[in-house]
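Visitor: Mind looking over this structure? Questions follow.
The values are calculated or read from the model by the stated rules, or taken from the named source; none is laboratory data. A quick note: this is a predicted structure, and the numbers were derived from the prediction, not measured. Cβ placement follows ideal geometry from the backbone for every residue including glycine, while neighbour counts extend to all protein chains displayed. Remember, those area values only see protein heavy atoms, side chains included, never the ligands or the DNA or RNA. Shrake-Rupley method; radii C 1.70, N 1.55, O 1.52, S 1.80 Å.
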Amino acid sequence: MIYGIGHDILELDRVTRLLNGKSKDRFLQRVLTPAELAVLKQRETRMAEWVAGRFAVKEAVVKAFGTGIGRTIGFLDIEVLPDAHGKPHACVSEAAWNRLGLPSDSYRIHVSISHQPSLASAQAIVEHRQHAARSGDDSSAPAAL
């Protein structure tokens, strides 16, 4: 069952200005996790596009949870890394799940990033996974974790 849907769109020029300015390192440290920063070092030729995509995903994820970036979920609580095929996957820290009051093993986050010459866009869908009922239980009741 869908718990929430979020979308964000961002102008690449905004990110390019930040990355070319004196606050580049502060911005990157505020928005990207250490693992994301390590991946970024391998993608410096398209840095603005890559950073804008991750920023947009993080904004889309918090919108799907209905919180916005803040105390409940911050930029560093969300990590967006590619799998072996390059598909982005978003993970939320266990601390953020606790602040949300939701069990992390009952939810799945689906994300998609798109780019145009001047824009980055991301969509996030938070799925509440329905657990199969146990044998002998009422089939309408979810299985206990």
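Visitor: Tell me, which strands (runs of 3 or more DSSP E) lie completely within region 66-130 with 3 or more residues that are over 16 Å from residue 53 (Cβ atoms)?
Guide: Working: elements: 78-82, 88-92, 107-116, 119-128.
Because the criterion is at least 3 residues that are over 16 Å from residue 53 (Cβ atoms), the strands (runs of 3 or more DSSP E) in region 66-130 that meet it are 119-128.
Visitor: With respect to the numbered conditions (1) among the hydrophobic types (A, V, I, L, M, F, W, C); (2) at pLDDT 95 or above; (3) touching a helix residue (DSSP H, G or I) at 6+ places or on another chain (Cβ under 8 Å), which one is the sole condition not fulfilled by residue 47?
Guide: (2)
Visitor: Moving on. I'd like the residue in region 56-86 that is at pLDDT 95 or above and among the basic types (Lys, Arg) and, out of all such residues, is nearest to residue 42 (Cα to Cα).
Guide: 58
Results for (1) without any contact (Cβ under 8 Å) to a residue 12 or more places away in the chain; (2) over 16 Å from the mean Cα position of the chain (by Cα); (3) under 21 Å from residue 125 (Cα atoms), shown as yes or no for each residue.
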| site | (1), (2), (3) |
| --- | --- |
| 12 | no, yes, no |
| 18 | yes, yes, no |
| 45 | yes, yes, no |
| 64 | no, no, yes |
| 84 | yes, yes, no |
| 90 | no, no, yes |
| 100 | no, no, yes |
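Visitor: Which ones in region 113-128 are closer than 16 Å to residue 4 by Cα and open to solvent by less than 60 Å² (accessible area, probe 1.4 Å)? Even if it seems obvious, please write down each step before you answer.
Guide: Within region 113-128, the first condition is being closer than 16 Å to residue 4 by Cα, and the residues that meet it are 122-128.
Within region 113-128, 122, 124, 125, 126, 127, 128 meet the criteria.
Visitor: Is it the case, given these coordinates, that residue 100 is at pLDDT 95 or above and closer than 20 Å to residue 10 by Cβ? Let's see the steps before the verdict.
Guide: Details: at pLDDT 95 or above: yes; closer than 20 Å to residue 10 by Cβ: no.
No, not satisfied.
Visitor: Specify the residue that is surrounded by the fewest Cβ atoms within 10 Å (Cβ to Cβ); the eligible residues are those in region 77-111 that are among the small types (Gly, Ala, Ser) and touching an Asp or Glu at 6+ places or on another chain (Cβ under 8 Å).
Guide: 95
Visitor: Looking at region 24-56 only, could you name the residues that are within 30 Å of residue 100 (Cβ to Cβ) and of a type in the set (Gly, Ala, Ser)?
Guide: Correct list: 35, 38, 52, 53, 56.
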